[in-house]
């Protein structure tokens, strides 16, 4: 059971929600998708991401009518308490906290808080900046701290983007490529927010500490929507314990075999480097876009003299686009998201390889646990349809989504697109701040022999 206590700092109102998440085996079935079908899904998703206008249905041709007035949770609470609504004046900041309590076998009893701060300049067309963070402690001595940010300064001329993390953590690994593990039968796997709740016979459990410090600084190119800049990126893994490894009994794990083959340490290593970045942002709202696009190109070089375990490089590509499908209601939105991370085989240590769920917001791959798929090269694509559930201006919304992942392995016995893992699901949205369009997110995803529940602030992408 997960208990959420959501406090909206606007209007001194709060909401308490209890979410029961029983997951008996008989309630779920595994969707088996043949390779030609997954190839088609991946092709359609990637094609739609880059050529979205060709994949959209004709927009609603209904004549314009009186627009809905959007409500949010604090406003509804004021109505329940028979208090007059607040004046609809410009507001340049919003603060949201979600204290969270959870229980799962991997981390034990978890207590923590997630929050989001959103702000922008007072100019009407200025861009929203956000800072999202969370911290958890558990009875199994796990500690999870992370802060993600995209901050615009100097009248949107400068963009600061950050991803800071400190984990005292445990996480399973399955090997490299999308068809791992091999040599056995994989049972259903369950997770809450990407943290596994049940071990499988083919899971290779690991404990490790992880420090991540990613920070980029970009400057707007003249008066365009393009930004270019530089950054520093550090991933440091230490205190690594490969719990299933037993060399005496010749029980070798994927982590051990890979790092031994390419000369990396089994207990600690770092990847430290600098990057060149180009990005473009024409979204109408960075928190919850209803139109526009965003892209990012990141070329990272990790030399040994900066502390890296070996000389390496990594190319990261990302694209998001958003399209209104109704002229009457801008809450009906179709979104596309595609990412690719590409490196040379054997140059990055095992845990630093591109992996599912390690994007900046840590939200890719609904339906699977974080780190479920890993490889020197990885491509991910997702589409999501967002729609209102409440009547005109209500606070409830919904989403349906589909995603697909493909990764290769260092030995190149599995190439990109040889094997693909699809995921599907649906979710609920609760509007907690109508001015920034911030939602509380509750999603349920089903992957290939995998099921997950995801709770957070703001949208997945």
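The numbers here are math on the coordinates, done by the rules we state, and not lab data. Everything quoted here is computed from the prediction, not taken from an experiment. All Cβ positions, even for glycine, are placed from backbone atoms using ideal geometry, and neighbour counts span all protein chains on display.
Structure summary
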| read-out | value |
| --- | --- |
| For segment 113-177, fraction of C-alpha pairs farther apart than 13 Å, in % | 71 percent |
| Computed label-point distance, nm, for sites residue 276 and residue 313 using a 7 Å Cα→Cβ extension | 0.9 nm |
| Over segment 271-395, equivalent-ellipsoid semi-axes from the Cα gyration tensor in Å | 35, 16, 10 |
| Residue order, fewest to most surrounding Cβ atoms within 10 angstrom, among 344, 122, 437 | 122, 344, 437 |
| Residue-span extension gain [residue 122 to residue 385] - 0.36 nm each, minus C-alpha spacing | 91.6 nm |
| Ranked by how many other beta carbons lie within 10 Å on average, peptides 451-461, 226-236, 72-82 from highest | 451-461, 226-236, 72-82 |
| Length added when fully stretched, residue 246-residue 265, from 0.36 nm per residue minus Cα-Cα | 5.2 nm |
| Fewest-first sequence of 178, 383 by Cβ atoms within 10 Å of each Cβ | 383, 178 |
| Calculated FRET efficiency for the pair residue 153/residue 444, C-beta based, R₀ 35 Å, to 0.05 | 0.40 |
| Förster-model FRET efficiency, 30 Å R0, residue 327 and residue 76, C-beta, rounded to 0.05 | 0.65 |
| Additional length obtainable on full extension of the chain from residue 305 to residue 228, 0.36 nm per residue less Cα span | 25.2 nm |
